[in-house]
Amino acid sequence: MSSALIFSLIFSAALLAGLVLKLWLATRQIRHVAQHRDAVPAAFTQTMPLAAHQKAADYTVTKERFGLLELAVGTALLLGWTLLGGLDVLNQALLDVMGGGMAQQLALLLAFALIGGLLDLPSALYQTFVIEEKFGFNKTTFKLWLADMAKGLGVGLVLGLPLASLVLWLMGVGGTLWWLYAWGALVGWQLLMMWLAPAYILPLFNKFTPLEDASLKDRVAALMARAGFTAKGFFVMDGSKRSAHSNAFFTGFGSNKRVVFFDTLLAKLSHEEMEAVLAHELGHFKHKHIIKRMVTSFVMTLLGFALLGWLSAQTWFYVGLGVQPGMLTPTLSAVASSLPPEGAAAFATAPNHALALLLFMLAIPVFTVFMTPISAQFSRRDEFQADAYAVAQTGTQHLGNALLKLYQDNASTLTPDPLFVKFYYSHPSAAERLAKMTSQVPA
């Protein structure tokens, strides 16, 4: 049995196992939430109306059911791109038109992204204008939605093509350590994007205005001073233009950090509750969660690039995923000799760099899905620590009230399936968070 066939079987087995696991978890979540729809949990009977609880249950079930359809379609597309030869057909078609070289490789990446984007359009439209609309969250118009999509495409081209060109160039000239140089380039690019995003990228999509509420500004400024956190300013984002969902976040890097509040959040929370929400975010800063996550991300990316550096030189990696690479080996010489002269020449000389990148991006999630509960567990631990810091700064009552309002306004279910939570949730469930807060720190 050839190495390529063995890899095909391993990939297929991992894909099937992941699909079964996701289906099982999703059906558990749907069943558990539906079973608890008609009664508010005892811990929330005084704070959560039954109608709001039922809306959250219906919203969760609707999204999960649609997620099952997306899972089926996504699996079919993955098989189409890989084992069924879709990526190979696209690559060979571009080779026939353009020949090998950097332009063809960039065209392959761009064509793949555009085709994938077009295939995702029905799902994005349905989620925004059917599901979100049905539950009263969608505030965007079709015109604005199209404008956002066009801006996103433009930003992706302006920022993504230079990075892709650099990585492909490094793959061609960097020798056996190209993956190390490419990783360094990607890390530098990510840090640059973090610095640029608040002032130059995010304003392309949303309007950011300085926080005008002097009382709230003084309150959060004092909180940040106690935490030793400095920011370039406090801003309000017009999130209500697109959605009724609420949030607050830090953005930026280095001297360009900013605190951003959704306008929907300001309309729903009191000053004390806003301070508690911000204190939670500052808890991540105090515990160095953001830095730790960045370092972890960079290390995992380095390991990924190292793996890609090895895989990109293995013929079985390409053939096992349905692609004939542009490398002449004894095994592939017979294949090349059966092609017309023009096709054989392109087959033998075309670079594989773009193919390697795309195949790796398609294949790696099939295997890393089984690591999801590990990262989720660490994330939930961080959230507990941030909650504890916020409670120490502002008290249990204000953070608890803010969380309950956010759960209600965002239609987050209070009764998720416990196993689903352990596998997927980056934040603890509402019951876990409130129980932890009240048990550790007095109100």
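Comparing Thr230, Thr209, Gln190 along the charge dipole axis of segment 142-257, the residue lying farthest to the positive side is Thr209, per the Cβ-charge model. Mind checking which of Gly174, His287, His245 is farthest towards the positive end of the chain's charge dipole, using Cβ charges of +1 (Lys, Arg) and -1 (Asp, Glu) about the Cα centre? The residue sitting most towards the positive pole is His287. Mean separation of Cα pairs under 8 Å and 6 or more residues apart, divided by the residue count, gives the chain a relative contact order of 24 percent.
Excluding same-chain neighbours fewer than eight residues apart, the aspartates and glutamates reachable from Lys436 by a Cα-Cα span under 15 Å are Asp382, Glu383, Asp387. Any idea what angle helix 396-409 forms with the longest principal axis of the chain, computed on alpha-carbon atoms, 0 to 90 degrees, nearest 10? It is inclined by approximately 60 degrees. Relative to the dominant Cα principal axis of the chain, helix 86-98 is inclined by about 60°. Charged side chains reduced to their Cβ positions (Lys and Arg at +1, Asp and Glu at -1) give the chain a dipole of some 740 debye around its Cα centre. Distance from the alpha carbon centroid of segment 60-80 to that of segment 199-227 works out to 38 angstrom. A straight Cα-to-Cα reach below 12 Å connects Lys139 with the aspartates and glutamates Asp238, residues fewer than 8 places away in its own chain not being considered. Counting only alpha carbon atoms, the long axis of helix 214-227 and the longest principal axis of the chain meet at about 70°.
Each reported figure results from applying straightforward, stated rules to the coordinates on display, with no laboratory input. Not measured: the values here are computed from a predicted model. Every residue, glycine among them, receives a Cβ derived from its backbone with ideal geometry; neighbour counts consider all protein chains shown.
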